[in-house]
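What follows is a short report on a single structure.
Where a number appears in this text, it was derived from the coordinates with a stated rule and is not lab data. Predicted, not measured: the structure shown is a model, and the values here were computed from it. Heads up, the Cβs are rebuilt from the backbone with ideal geometry, glycines too, and the neighbour counts pull from every protein chain shown.
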Amino acid sequence: VIDIGVNLTNKRFAKDLDGVLARAAEAGVDRVVITGTSVGASRAAAAMADDKAQYATAGVHPHDAKSCDGATIDTLTELASRARVVAIGECGLDFDRDFSPRPVQERWFEAQLELAAKLQLPVFLHERAAHERFVAILRQHRDALKGAVIHCYTGTRDELKAYLDLDLHVGITGWICDERRGTHLLEDVKLIGDDRLMIETDAPYLFPRTMRPRPKGGRNEPAFLTYVRDTVAEARGVTPEHVADVTTKTAAAFFSL
Ligand SMILES: [Zn+2]
């Protein structure tokens, strides 16, 4: 199984990274895509991907858009030329927390979409509380993009339909295992075709709340992707093996792994 989004450069993994990857492999999660969220984190993710024979994205999260400057796109271009850097992102819009001013988020979202189109790499997208602007911007670039995944999808059914209309891939996290706020996904996940569905942990965040006992300190890790796989399988009325099989094929094709 492929975990398409894991923040392995987060300091919460600094002490036991090899153990985390070994436990993931033991659980059948043999490939991970390490998310790049800033220029520095993307550099670290690319180095880690080389070191651990995994994969990475290169991009700047909307929270960090305010730190972008004239050198950002050049640096991302250079990182993206590495064999194990397989997508641009994560990039997008986050109007939930507004850690960067909205016009700044929009500017660097577009710049990264243009970069992904130019390099013909797929793009790894983040959207929170910004659906309308996000769709308006993405629609202008969609035809030029090789592929696009809306990662950690948590929105409404209508939002999901809009994304599927734009022919996006959809990443489902442990949000679907959350009995407090994710139950709508148990229905909506059925709308996503096998060839558009991927799964991810977004670790160390969002540990799957179906897990018993819960992980120490609440830290999520790629080995726990099996809980996402199982919940998605139950919701779609198929076996976990089927979900593992189709999401692996879809992710391998999407990222050209
Ligand atoms: Zn995200």
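Can you list the lysines whose alpha carbon is less than 25 Å from that of LYS190, not counting same-chain residues fewer than 8 positions off?
LYS146, LYS161, LYS249
Collect residues whose amide H, placed 1.01 Å from N in the peptide plane, falls under 5 Å from the amide H of ASN220; neighbours closer than 5 in sequence don't count.
TYR205, PHE207
Tell me, what ³J(HN,Hα) does each residue in the range 147-162 have, in order and in whole Hz, if you take phi through Karplus 6.51 cos²θ - 1.76 cosθ + 1.60 with θ = phi - 60° and put x for Gly and Pro?
Values, residue by residue: x, 8, 10, 8, 8, 6, 5, 9, x, 8, 4, 5, 5, 4, 4, 4 Hz.
Based on the Cβ-Cβ distance from ALA71 to GLN120, what FRET efficiency comes out when R0 is 25 Å, to the nearest 0.05?
Between ALA71 and GLN120 the formula returns 0.65.
Over all pairs of distinct alpha carbons, what does the Kirkwood formula give as the hydrodynamic radius of the chain, in Å?
About 17.9 Å for the chain.
Take each of the peptides 136-142, 91-97, 35-41, average the number of other beta-carbon atoms within 10 Å over its residues, and list them starting from the highest.
Sorting 136-142, 91-97, 35-41 by mean packing, highest first, produces 35-41, 91-97, 136-142.
Do me a favour and compute the ellipsoid semi-axes for the range 189-257 from its Cα gyration tensor, root of five times each eigenvalue, largest one first, whole Å.
22, 15, 9
Please list 57-64, 122-129, 227-234 highest first by mean number of surrounding beta-carbon atoms within 10 Å per residue.
Ranking, from highest mean packing down: 57-64, 122-129, 227-234.
Enumerate the amide H contacts of GLY89 below 5 Å, restricted to partners 5 or more residues apart or on another chain; note that Pro and chain-start residues carry no placed amide H.
Placed amide hydrogens put ALA58, GLY59, VAL60, PHE124 under 5 Å from GLY89.
Based on alpha-carbon centroids, what's the gap between the range 1-45 and the range 164-214 in Å, whole number please?
Cα centroid to Cα centroid, the span is 18 Å.
Could you line up ASP202, ASP18 from fewest to most neighbouring Cβ atoms inside 10 Å?
The order, fewest Cβ neighbours first, is ASP18, ASP202.
Which lysines, on any chain, are close to LYS15 with Cα under 26 Å apart, when same-chain ones fewer than 8 places away are left out?
LYS15 reaches LYS52, LYS216.
Show the residues, 5+ positions off or on another chain, whose built amide H is closer than 5 Å to the amide H of ALA148.
Result for ALA148 returns VAL123, HIS169.
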